[in-house]
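To start, the structure under review is shown below, and the notes come after it.
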Amino acid sequence: MSAETLRLDGNAAAGLLEQVFAFDVTVARSTCAGCGQTSPLGTLLLYGGEMGAVLRCPSCESVQMRVVQVREGYVMEMQGVVHLEIPPTVG
Amino acid sequence: MSFISRGFKGRRRTASVAGRLPPGQYIVDGFPVLSAGPTPRTPLDRWDFSIVGQVDQARRWTWAEFLQLPAEEITRDIHCVTKWSKLDTTWKGVSVDTLLDGLETSADYVLAFCDGGYTTNLPLEDVTGGKAWIAYEYEGQSLEPEHGGPARLLVPHLYFWKSAKWVRGLELLPEDQPGFWESLGYHMYGDPWREQRYWGDE
Amino acid sequence: MVATRPRLTWRVATVRDIVPETARVVSLVLDVPDWQGHRAGQHIDVRLTAEDGYQAQRSYSIASAPEEPWITITVERLEDGEVSPYLADELRPGDFLELRGPIGGWFTWETREGGPLLLVAGGSGIAPLMAMLRHRAAWRSPVPVRLLYSSRSAQDIIYREELERLAANDPDLAVIHTLTRAQPKGWTGYRRRIDREMLNEIAWAPEERPRAFVCGPTPLVEAVATLLVDLGYDPASVKTERFGPTGG
């Protein structure tokens, strides 16, 4: 049961991320600080299981963002993202 | 009281092991796999383990040299911060005391570093005095890559995220420096008996 | 200009019905108060709380069309599962289930987005794709669809009769099964894991500018997505949703 078999994608982190952000994160796009590729968050590779969300670039696998749900609230870090593009949300 | 799901109990067992479980933990069958990234696959002929940082002289062992070091068989309970525990897990590895034997340092802390970039921090005194190993066997078999093979840090008295998988060395430091999870909300020390899971937990 | 939406909050739904699909799989029909609707492909998070406060949480794709009055999730009972045995075996109509959603606008499809569509499912990965097919049927949409559905055996095909019925009445919908472990006597269909050759035979040609949705166990999803790109599919047109090791 390898890390690769277990990994999910940004779709599975959306419930958690939408506690932090007020928009549909899976259609937002991030530009990777590691390789410059821009990808929708729904396509980022998700690791971390119950420890937290570790979202990695689908192209270079470097960490783009991490989120942990702590006792009260969340801690989030996005050093691996150059910027996020957030399209208007429909409905 | 928040919503209760009628009849839901979950997978846990707690009954017959009272006293061995830290607060908030549950026994589970199996050995859950959790990773922050893809499984590293360093070939053994390129693997090494180093002691670096604030030391008089850095040390390094190749895999062949590492296997020559005196090793111990260890049986311990392990506790994950995600609440599962496993009792009486068996390992084989080299005590960190062996690796640090005779080393001169003024450092009080270590940062374990690993293939794939994972790090975790501990006080030096929590990896010495018979409390920590570099383990390369689990249950009598070579440690599988999914569980941190070829070798992982094993520090059973702290939450299991401190038992860093794919460990490649220890950096000795004068100050405590948060590792991968510690910089994201998890407790700097992580004592399961005081339930030190997150920042701010006493 | 970003239009924000209401934050996802946990709410308590009522179980209206429990529908057996296969020996291992059931569908739960849920009445969710103040449900604002969803798009085909989205999912919900379900949370179970024991009396001592212990909680477990899982995600399930919504299998029903947005046009239906209640939402349906389809749950495969996993041998060593913690949540799925509760949902599949313990819940009764009239019970309550805490959930939040809908979640995830990436892996979604609406008829107005057009096609042709290539849907590839492994096991319970059929659930979000079924929402798309049910949505398409509700609109009598002519968008051409090919569904390639990998199951262990004929008994494990979820929604089998409904898929047959939808395809029988619709020349623009083709449902192709592959049965990887056991096949019924006289089976003339595929009997192996999805591979390059199979996709070559089934998939729309890249020149038709198809949209692909792939869902199921992570290894299947990643293999199929790679193969589609190798076949010439624009990577941006291949959307994936990984269900982890077991497909739900």
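The values are calculated or read from the model by the stated rules, or taken from the named source; none is laboratory data. What you see is a predicted model, and the numbers here were worked out from it, not measured in a lab. All Cβ positions, glycine included, derive from the backbone under ideal geometry; neighbour counts span all protein chains shown.
Here are the numbers:
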| item | result |
| --- | --- |
| Qualifying residue in the stretch B:9-17 (condition: under 28 Å from B:Arg194 (Cβ atoms), polar (S, T, N, Q) and within 14 Å of chain A (Cβ to nearest Cβ)) | no |
| Matching residues, the stretch A:47-91, being facing another protein chain (nearest Cβ under 7 Å) and touching a residue at least 40 places away in the same chain (Cβ under 8 Å) | A:Tyr47, A:Gly49, A:Ile86, A:Thr89 |
| Test: residue in the stretch C:82-91 that is away from chain A (no Cβ under 11 Å), under 27 Å from B:Gly24 (Cα atoms) and among the aromatic types (Phe, Trp, Tyr) | yes |
| Members of the stretch C:145-173 found to be touching a residue at least 60 places away in the same chain (Cβ under 8 Å) and either of a type in the set (A, V, I, L, M, F, W, C) or in contact with a Gly (Cβ under 9 Å, 6 or more places away or on another chain) (or both), listed by number | C:Ser150, C:Asp156, C:Ile157, C:Ile158 |
| Test: residue in the stretch C:65-79 that is among the hydroxyl-bearing types (Ser, Thr, Tyr) and in a strand (DSSP E or B) | yes |
| Qualifying residue in the stretch C:196-207 (condition: touching a Phe, Trp or Tyr at 6+ places or on another chain (Cβ under 7 Å), closer than 13 Å to C:Leu118 by Cβ and in the same structural domain as C:Leu147 (by TED's automatic domain parsing)) | yes |
| Residue match in the stretch C:82-96 (condition: on the phi < 0 side of the Ramachandran plot, modelled with pLDDT of 95 or more, under 13 Å from the mean Cα position of the chain (by Cα) and not in a strand (DSSP E or B)) | no |
| Any hit, the stretch C:33-44, residues being small (Gly, Ala, Ser), in a loop (DSSP other than H, G, I, E, B), in the same structural domain as C:Arg16 (by TED's automatic domain parsing) and under 14 Å from the mean Cα position of the chain (by Cα) | yes |
| Helices (runs of 4 or more DSSP H) wholly inside the stretch C:143-248 that include at least 1 residues being under 19 Å from the mean Cα position of the chain (by Cα) | C:160-168, C:218-230 |
| Test: residue in the stretch B:59-76 that is within 14 Å of chain A (Cβ to nearest Cβ), at pLDDT 90 or above and out of contact with any Gly (no Cβ under 9 Å at 6 or more places or on another chain) | no |
| Flag for C:Glu51 being farther than 18 Å from A:Leu8 by Cα, more than 9 Å from every other protein chain (Cβ to nearest Cβ), without any contact (Cβ under 8 Å) to a residue 40 or more places away in the chain and out of contact with any Pro (no Cβ under 7 Å at 6 or more places or on another chain) | no |
| Positions within the stretch C:69-95 being loosely packed, with under 15 Cβ neighbours inside 10 Å and small (Gly, Ala, Ser), in sequence order | C:Gly94 |
| Strands (runs of 3 or more DSSP E) wholly inside the stretch A:21-90 containing at least 3 residues that are within 15 Å of B:Phe180 (Cβ to Cβ) | A:53-56, A:63-69, A:74-77 |
| In the stretch C:75-96, the residues that are touching a helix residue (DSSP H, G or I) at 6+ places or on another chain (Cβ under 8 Å) and either closer than 17 Å to C:Asp31 by Cβ or among the aliphatic types (A, V, I, L, M) (or both) | C:Val75, C:Leu78 |
| Number of the exception - B:Ser35 against (1) part of a loop (DSSP other than H, G, I, E, B); (2) more than 16 Å from B:Leu153 (Cα to Cα) | (2) |
| Those residues of the stretch A:29-46 which are within 12 Å of the chain's Cα centre (by Cα) and either of a type in the set (Val, Ile, Thr) or more than 9 Å from chain C (Cβ to nearest Cβ) (or both), in sequence order | A:Arg29, A:Ser30, A:Thr31, A:Cys32, A:Ser39, A:Thr43, A:Leu44 |
| Elements of type strands (runs of 3 or more DSSP E) in the stretch B:60-152, at least 3 residues being over 13 Å from the mean Cα position of the chain (by Cα) and surrounded by fewer than 17 Cβ atoms within 10 Å (Cβ to Cβ) | B:72-79, B:84-95 |
| Yes/no for A:Cys57 being modelled with pLDDT of 95 or more and out of contact with any strand residue (DSSP E or B) (no Cβ under 9 Å at 6 or more places or on another chain) | no |
| Some residue of the stretch A:12-21 being under 27 Å from B:Phe31 (Cα atoms) and either more than 7 Å from every other protein chain (Cβ to nearest Cβ) or surrounded by fewer than 17 Cβ atoms within 10 Å (Cβ to Cβ) (or both) | yes |
| Residue in the stretch B:156-174 that is free of Cβ contacts under 8 Å to residues at least 12 places away in the same chain and polar (S, T, N, Q) present | no |
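This table checks each residue for (1) at the interface with chain A (Cβ under 10 Å from one of its Cβ atoms); (2) surrounded by fewer than 17 Cβ atoms within 10 Å (Cβ to Cβ); (3) under 12 Å from the mean Cα position of the chain (by Cα).
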| site | (1), (2), (3) |
| --- | --- |
| B:Ser163 | no, no, yes |
| B:Val167 | no, no, yes |
| B:Glu171 | no, no, no |
| B:Glu175 | no, yes, no |
| B:Gly179 | no, no, no |
| B:Leu184 | yes, no, no |
| B:Asp191 | no, yes, no |
| B:Tyr198 | yes, no, no |
